[in-house]
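Data first, discussion second: the structure below is written as structure tokens.
Nothing in this text is a laboratory measurement; each read-out follows from the coordinates by a stated rule. Note that this is a predicted model, so its numbers are computed, not measured. Note that we place each Cβ from the backbone using ideal geometry, even for glycine, and neighbour counts take in every protein chain shown.
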Amino acid sequence: MSRYDDLHGRDEGRTFAALPPARGRGFAQSWWGRAWLRALEDAALEAGAVKAGRRLARAGGVGAVTVRPGRVTAVVRGPGDAAHRADILLPVLSDEEWGRFQDLAVEQAGHMAALLDRELPPHLVEDAAAAGIDLLPGLGDLDPECDCGAWDHCGHTAALCHQVALLLDEDPFLLLLLRGRERDAFLAQLHVRGTAHRTEPSATPALHRGVDAAEAWAAAKILPPLPELPGLPSAPGVAPSLAGGSAAAPQVDATALEHLAGRTAVEACRLLAAALNGDTPGAELTAAQDAVRLACGPAPAAVAERLAVASGRGGDGLATAVRAWRAGGAAGLAVFDEERRVEDVALARARAALEGAWEPDERPAFHRSGNRWTVQDEGVQLRLGQEDRWWPYRDEGGRWVPAGGADPDPATALASARLEPGEDPGEVAGAAF
């Protein structure tokens, strides 16, 4: 008895009536159906046989399909061609492999619930594949037999594979039948195993043995495609209030936790906006930088004091750093903190931008130090950041503070620095005319 037909007298199989022509309809809409056809395409030595099979299946040339453990069979007839019996053989799983698969299924309540609801959860198939238990066929698993005499996949066996993909779209549990277990019997065994699992006394979980790199790479093929990104909400979500209810544990600061949740919602909204815009995430923040981010929202006094200490800036320094963050996020904070050298090509570009922004007799008298150009008699400054953008700064009480966001035009950035705090740029522009 071969590994394909090791039925142990358990399952006789199921037969499906011939399907009508599939013109105008694609094959394999499900992720598991696509994995089935990928195994065919990987195994077939001739791409022409796969294409011929697709045409035969689309034209309705596949008769009734019988699915049983280790084998699927149908009579396939092409236009003006004799009828041929085509078989696809698939290795069945051993009892030991089925036992390990069921153990994986009962480990997580979500897997168990989905299976009992007659659904095949993709993450369970992924976990099983990583553990060396393949429900979906891999390279070389779909072994063809056809009485046309072909020794490899022919148009008849390829047509049968395409028809099976349609059936799998409708009932993914046919995979279990092909691997050796009829659905209802499998679910009954799973229910018994799950009941026993829940009644067993708790024990220290065994360490996972790890996954071979080749197995992990192969398992990636069966993952379903990622869902579309959600739309950007109109505003970040509101963190739940932790003031009422049960008293917090002694080591938990409920006020700080509530503030952290609120800032996390704001950051999640920002990251989603960046992803939808195609922007790549920046470098991971340090603890001191993240303290500035967390201080951007209204914070209770005790939380603000903790953030001032964590940032290493003190109260006044943190307040100014928050202004830099609000002006430009992590990039704005980096320009606020760092004075860097500008040389060679970067310096030539900066000088060209400054010379082109004003007429010669209107150009301010700048004093440069690193990436900072200061108009000393006005108490305003431009700082050159990454990507040749200019950041406006003004002197407030002997401290350089951010005066707005970055701009590629130094004249526009300097105009922002010259505004008085609270002054509207539109009113200033109107008065100039």
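In nanometres, what is the gap between the two model label sites at Val309 and Glu46, each 7 Å from Cα along Cα-to-Cβ?
With each label placed 7 Å out from Cα toward Cβ, I get 7.8 nm.
Could you tell me which of rounded, prolate or oblate describes the stretch 276-354, using a ≥ b ≥ c as the square roots of the eigenvalues of the alpha-carbon gyration tensor, with rounded for a/c under 1.5 and, failing that, prolate when a/b is larger than b/c and oblate otherwise? Let's see the in-between values first.
Numbers: a/c = 2.70, a/b = 1.87, b/c = 1.45.
Prolate is the answer for the stretch 276-354, as a/c is 1.5 or above and a/b outweighs b/c.
Under a point spin-label approximation (7 Å from Cα along Cα-to-Cβ), what is the Thr280-Ala319 distance to one decimal in nm?
In this crude label model, Thr280 to Ala319 measures out at 3.9 nm.
Once you have the Cα-Cα distance between Glu96 and Glu228, take 0.36 nm times their residue separation minus that, and quote the gain in nm to one decimal.
Extra length from Glu96 to Glu228 when fully extended: 43.7 nm.
As an exercise, identify the trypsin sites (Lys or Arg not before Pro) in the stretch 22-83 lying in DSSP coil whose Cβ has no more than 15 other Cβ atoms within 10 Å. Present the calculation step by step, with values, prior to reporting the outcome.
Values: sites: Arg23, Arg25, Arg34, Arg38, Lys51, Arg54, Arg55, Arg58, Arg71, Arg77; in loops: Arg23, Arg25, Arg77.
Taking the stretch 22-83 and a limit of 15 other Cβ atoms within 10 Å, the loop trypsin sites (Lys or Arg not before Pro) found are Arg23, Arg25.
Computed FRET efficiency, Cβ-Cβ of Phe366 and Val345, R0 25 Å: what is it to the nearest 0.05? Kindly include the intermediate steps, with their values, before the conclusion.
On the way: r = 19 Å, r/R0 = 0.78.
Here the calculated transfer efficiency is 0.80.
Once you have a ≥ b ≥ c as the square roots of the Cα gyration tensor eigenvalues for the stretch 255-406, tell me rounded if a/c is under 1.5, and otherwise prolate or oblate according to whether a/b is larger than b/c. Spell out each step's value before the answer.
Values: a/c = 2.63, a/b = 1.69, b/c = 1.56.
Note, shape of the stretch 255-406 comes out prolate.
Using alpha carbon centroids, what distance separates the stretch 350-423 and the stretch 96-146, in Å?
Computed from Cα coordinates, the inter-centre distance equals 63 Å.
Taking 10 °C and 1.306 mPa s as the conditions, I'd like the Stokes-Einstein D for the stretch 43-196 in µm²/s, using the Kirkwood hydrodynamic radius from alpha carbon pairs. All intermediate terms of the calculation are to be shown ahead of the outcome.
Working: Rh = 16.5 Å.
My calculation gives 96 µm²/s for D.
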